Structures are given as C-alpha cells and as structure tokens.
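Colleague: After the structure tokens below, expect a handful of questions from me.
What follows draws every value from the coordinates through simple rules; no lab data is involved. Not measured: the values here are computed from a predicted model. Note: ideal-geometry Cβ built from the backbone for every residue, glycine included; neighbour counts use all protein chains shown.
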Amino acid sequence: MAQRLKTDWTLFFTVVLMVCFGLVMIYSASSIMAQMSKKFHHNPYYFLIRQMAWAVLGFLVLMYFKRTHYRQLATPGWAFAPLGFVLVLLAVAYLRDAHAHRWLKIGGLGIQPAEFAKPALAIFLAWFVTRRAHAINTRHTILPATLALAVLGGSVIVADLGTAAILLLSAGAVFCVAGLERRYFLAAVLAFLVVVTAAVVTKPYRILRILGFIDPHNEILSQIDPQGRLRQAAEKSAASRDVGYQVRQSKIAIGTGGVLGLGLMNGKQKLLFLPEAHNDFIFAVICEELGLVGGAVVIAGFLLILWRGFRLYWAVADDFGRYLAVAITTIVVSQAFVHMSVVVDILPNKGIPLPMVSYGGSSLLSTLACLGMLMSVSDHAS
C-alpha cells in the first residue's frame, strides 16, 4: 500500500500567503513609479503582472518538487548537474553582462543565475555530506568540499557578495550539524572573513558601502586619510557618492509608519525618494504602510518557516532529508533577515531581495523551488 502523505499545511499556507502578500506590496511599492515612467509604458500594473507570471511558474516548480520524493534527489546526477548548469550560466552572465556581471537577458526577461545556485547548492550539500557523514572531519571530506564551495562561491562573489555569503552560510550550517569539529569550523570562519575582505577590497564601491556604514560622518576616516584619497578612489566605481542615501530614506519610512502604518498605498518614501522600493527595500515600504504590526507579521512568517524547517532535522529518519532541510531553511531565512537587517541599518547596504515578497522572478522561482523540496521532506518524513 502506498504511503499516505501528510502535507504540512502550516508551511504550505505560510508560503502561499507570503507570496500573495508580496504581490500586493509590489503593486503598492511600484505602481506610481511605473505609471510615471515611459520605460514601463505608463502601466501601473507592469511589475505586478510580471511578478504574477513568475509566481505561477514558481508554484508549478514548487508542486513538482513537493510531489517528488526527496530521496529521488539523492543521486550524483541531481547533485552535480544543476550545480554545473548554474556555473555555466554564471560564466555566460559574466561575459555577457560587462557592467554588473550578474544578468542574462533572454528576450524581454532578465535572469539572475546566482539565484539558482541556492537550490543547486542545497541538493549538493545534502548529498555530499550524507555520503561523507562517517568521515566528516577528514581531509578526504574537507578538501573536496572546500574546492566545490570555492568554485561556486568564487563564481558568485564576483558580482554578488550578498548571495555568496548566503550560500556559504548554508554550507556552514550543514557541516556544523553534521558534526564538523570546532577547529575546522573556526578555520572555515576565518577563511570566510578573508575571502569577504578580499572581495570588498577589490571592489571600491564595496569599500564605500562599508565606510558609509561604520563611519557615516567621516569622523574616523578623516583622521586616517585626511587627504580623502581613499574615499575618492572608492567613489570612482560607485553608482552614487552618497551611499547612505537609501538607508536614510529607509529609516525615514520605518519611523513614519509607527505602530499601525500610514495605510496600504499611502506610503510617501516610495515616491522617488527610496530607490528600489519594490525590491531591495520593500521591507521599508511594508513598515511605512503597515507599521510595526505589518513588519512583525512578516518576521513571524519567516520564523514559522524557520520552525517548520529545522524541526525536520529531528523528525526525518535519513541524513539526506535532514541536511536538505537544514540547507534550505538556512538559505531562505538567513536571506530574509539579511534583507531586513540592511533596511533597518544593522548591516551594511547590500541589495538583496526579501524572499517571496520582493520583486524579482529569479529570486521567487529559486525560493519556491527550495520550499517545494522542503515540503517534500516534510511530506515524506517518517
């Protein structure tokens, strides 16, 4: 007799509601800007329609993975083929997108290959660590894992430091729960900090963002570099010299919203004051229009996903399912809290979407693919 599946309705409806909520907030954050712009054909529904199309595709992918037994993914083909495909896309994006090195233009669509590294890496990590769980602290495990992560992380970090950090954080979480010894874990953290430092130093605009975060009034920098040469060098590659502008506008939006907010569609900062209001700073729009209550509801949604995801580590009988759940949960939830931390000025400014809520087809599709696999683990847990 076939096993009767038990859907985790708490997780399923949380995902559905957050995607629907995201569509509402994307329309609220983008409609006026789109209506004013000739680029978007003066169509207030421009971003909403495109995101709805991605949401339909995303839910088809989610249901495919949800209905597929997660153990079918525990094969070398699933572990390496998606990862290799993503690496090829990243290389093509690097060559085709001479400016940002992160976008592929296919017809009228923009694809961000780095987003698809998230589900690919989750499957690879679960498969690899499951095979090497009995010898997780040997060089035969650590060296191949380091090489794989270096190749993928290096390919992503060239253009997208934030996504690379999320990927490496998920790898750290999986290896940590698999029993990696403290000395190796600390060595990995040190290596991560060295890589991030190198990535920041080689991109002057990243230096400018860090300086704007730790020294917004140039008090420390003026003493270290009284001639201003460091800042001048960093400003040469920056899109804007005032790197703190977005965060200031974001905090104005959050402060204006108060407890209950100004009301849906009534936000002011999205009116050409807050750049990327429908994407990288959509949480600020939520807080302005729906207040502290709206922001708390969004946080509660991700905490629900965190709870339903990590509980599977104890509920699932096999290692592959456990590690897959840990990797996916870490990817989705850590990205959400990095987004919100940037918006409230806890972390340096880094453009990263809020999963399921921000505008962006690649982000939505990869997130729903990940959550479909998470639901499969939950459905088939024994």
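Colleague: Calculate, for VAL297 and ALA135, the FRET efficiency according to 1/(1 + (r/R0)^6) with r their C-beta to C-beta distance and R0 41 Å; round to the nearest 0.05.
Modeller: FRET efficiency, VAL297 to ALA135: 0.40.
Colleague: Could you tell me which of THR367, GLN72, ALA300 has its Cα farthest along the dipole of the chain towards the positive end, charges placed at Cβ (Lys, Arg +1; Asp, Glu -1), taken about the Cα centre?
Modeller: The Cα lying farthest towards the positive end belongs to GLN72.
Colleague: How many angstrom lie between the Cα centre of the range 147-170 and the Cα centre of the range 315-343?
Modeller: 16 Å
Colleague: Another question about this same structure. If I model a spin label at VAL194 and VAL88 as a point 7 Å from the Cα along the Cα→Cβ vector, what separation in nanometres do I get?
Modeller: 3.3 nm
Colleague: Also: When a footprinting reagent is the concern and you count Cβ atoms within 10 Å, what order do THR202, THR14, THR367 take, fewest first?
Modeller: If I rank by nearby Cβ atoms, fewest first, I get THR202, THR14, THR367.
Colleague: Taking every pair of distinct Cα atoms and averaging 1/r, then inverting, what Kirkwood hydrodynamic radius in Å comes out for the chain?
Modeller: 21.8 Å
Colleague: Which entries in the list LYS105/LYS350; LYS66/LYS203; LYS39/LYS268; LYS6/LYS118; LYS6/LYS350; LYS105/LYS270 go over 32 Å, if you measure between the two C-alpha atoms of each?
Modeller: LYS66/LYS203; LYS6/LYS350
Colleague: So, one more: Name the most mobile residue of VAL56, VAL15, VAL298, meaning the one with the largest mean-square fluctuation, in a Gaussian network model of the chain with Cα contacts below 10 Å.
Modeller: Comparing VAL56, VAL15, VAL298 in a Gaussian network model of the chain, the most mobile one is VAL56.
Colleague: While we're on this one: Suppose every K and R has +1 on its Cβ and every D and E has -1 on its Cβ; what is the size of the dipole of the chain about the Cα centre, in Debye to the nearest 20?
Modeller: Magnitude of the dipole: close to 520 debye.
Colleague: Hey, can you list the DSSP H helices of the chain whose Cα span along the axis is 27 Å or longer and whose average Kyte-Doolittle score is at least -0.5?
Modeller: 9-36, 46-67, 76-96, 113-132, 182-201, 282-310, 319-343, 361-380
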